[in-house]
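The structure under discussion appears below in the form of structure tokens.
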Amino acid sequence: MQTFLTSPKFEKKYLYKSPTLLYHEFCNASAYQKMVKLSNPNLPKQQLLEEANTKWTEIKKNDINEIKNIINSYLTTPVPLARYRFQVSNFRNSQPPRPFIQETAQIRSEFNEENQISQNATAQRYTINEKERAQKKVAEYTTMLDMATDSSMCTHLVNQINTEKQVILQQNKRLNYLKRHAAAQEKL
């Protein structure tokens, strides 16, 4: 996977292909500015149009030259360079991110506690390795889910995440069983 700096292509006439009114020009400029700010050239047109309409109700009272200046400022919004791996981030990324960092810290602390097993407990070590592999997959699928735009891909990734979480639960149960068994064997 290659990481590189790039900027996606943004359409300045996204909502109205051939604008004839000042309102159409304003809606296109407003949509362009929103897409550039979110670094996503594929935002839903309906949502962009609704936002442009609410802005237009405030701005239409101004002088025509002032409105044209606002349109020009929207159209000259600088396109930021960003790091992309798979594809352009989707609209969901404009929302606050999930508490993923806390989850990984919790996973690491659990793993450190489990790492305190004896050298000859190969089944426990295997179970811990399987659990760690599943946790890495959950983290990877979650990252992919944040970048996915296709609904069928999102559904597939959610199913994969749930499957891996089931594996983690099974490995936890198995590890608890193995630890109890080892403790019982020490008492004998």
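Values quoted throughout were computed directly from the atomic coordinates according to the rules given, and no laboratory measurement underlies them. Since this is a predicted model, take the numbers as computed values, not measurements. Virtual Cβ from ideal backbone geometry, glycine too; neighbours counted across all protein chains shown.
Details
- Nitroxide proxy distance, nm - points 7 Å out along Cα→Cβ at Thr77 and Asn129: 5.0
- Between the stretch 126-142 and the stretch 36-81, the C-alpha centres lie 44 angstrom from each other.
- Local electrostatic count, Glu66, Cβ distance below 15 Å [Lys/Arg +1, Asp/Glu -1]: +1
- Listed by chain and number, the lysines whose alpha-carbon sits under 25 Å from that of Lys136, ignoring those within fewer than 8 places in the same chain, are Lys165, Lys173, Lys179.
- Inter-label distance, Glu186 to Asn159: 4.4 nm, where each label sits 7 Å from its Cα along the C-beta direction.
- The order of the peptides 155-166, 139-150 by mean Cβ neighbours within 10 Å, most packed first, is 139-150, 155-166.
- Peptides ranked, highest mean first, by Cβ atoms within 10 Å: ranges 59-66, 130-137, 41-48: 130-137, 41-48, 59-66
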